[in-house]
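The values are calculated or read from the model by the stated rules, or taken from the named source; none is laboratory data. Nothing here was measured: the structure is a model prediction, and the numbers come from that model. Backbone-built Cβ (ideal geometry, glycine too); neighbour counts: all protein chains shown. Protein only, heavy atoms only, side chains kept; ligands, DNA and RNA dropped before computing areas. Shrake-Rupley method; radii C 1.70, N 1.55, O 1.52, S 1.80 Å.
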Amino acid sequence: ASDISKAKLSAREKIRTYIEGAFVAGVPADIIIVQDSGGASTSLKIIKETVNEETDANGNFQYFIDAEIERIGLSKANVTAIAVAKAQAELGADFELKDSYLDLKLVSRTRDAKGTVESATVSVDFKGGFIKQVKEDEVKKLSAGKTREELTDFIPTDHNYKAHITLWPFWVSRVPSNQKKITAIINIEKVDFKTSGASVTNSSSTISTE
């Protein structure tokens, strides 16, 4: 009985190591494996164990185990796209994501009568840096022929979008109509956007081995 118990423990650890390795190798780079609040991302379930207590000449016996390990994952691209859409609805459609941080945590899960995950609630923590898209040619075209005062009223200053207008030589009071004589230097500060909430998904996958 002691040998059987040791064999069970050894087999379970070997299967866990094997399946976790298979997951690491098989999960697409875009998929984020969601961990629960305790930091665990997998759950090993023993489906069937069979022990053949007959030993061979060396005293070895056969032990069979059927198990599965479960992980819940979400597409980083899909979750980020939802967060970006939310940010652009608030900041403006012409703001583009430059950098981001995404953290997912498993809140709860529901199972069917067979114990298979039907849906999961995942908390989403997203932080992103957005920059307003401004085209140099467009700025030149819209600035041509305008006075400093007209430009000040024309260029928006919201969301860290600020304009510094210089006319040279100093006695010039109006931007040249010839766009080739206009130099537009665009340097827009990044706008930070944060959002958090819960996402419900029915995306789950299992790998079983025997």
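How big is the accessible area of residue 192 in square angstrom, nearest 10, if you roll a 1.4 angstrom probe over the protein chains?
110 Å²
Extension gain residue 125-residue 179, at 0.36 nm per residue separation less the Cα-Cα distance, in nm?
Gain on stretching residue 125 to residue 179: 14.9 nm.
Taking a point 7 angstrom from the Cα of residue 82 along the C-beta vector, which residues in the stretch 108-123 have backbone N less than 14 Å away?
108, 119-123
Give me the accessible area of residue 5, 1.4 Å probe, in Å² rounded to the nearest 10.
60 Å²
Using each residue's phi in the stretch 14-22, evaluate 6.51 cos²θ - 1.76 cosθ + 1.60 at θ = phi - 60° and report the 3J(HN,Hα) Karplus result to the nearest Hz, with x for Gly and Pro.
Whole-Hz 3J(HN,Hα) from phi for the stretch 14-22: 5, 5, 4, 4, 5, 5, 4, x, 5.
So if each residue of separation counts as 0.36 nm, and I subtract the Cα-Cα distance between residue 116 and residue 33, what length gain in nm does that give?
Full extension from residue 116 to residue 33 adds 28.2 nm.
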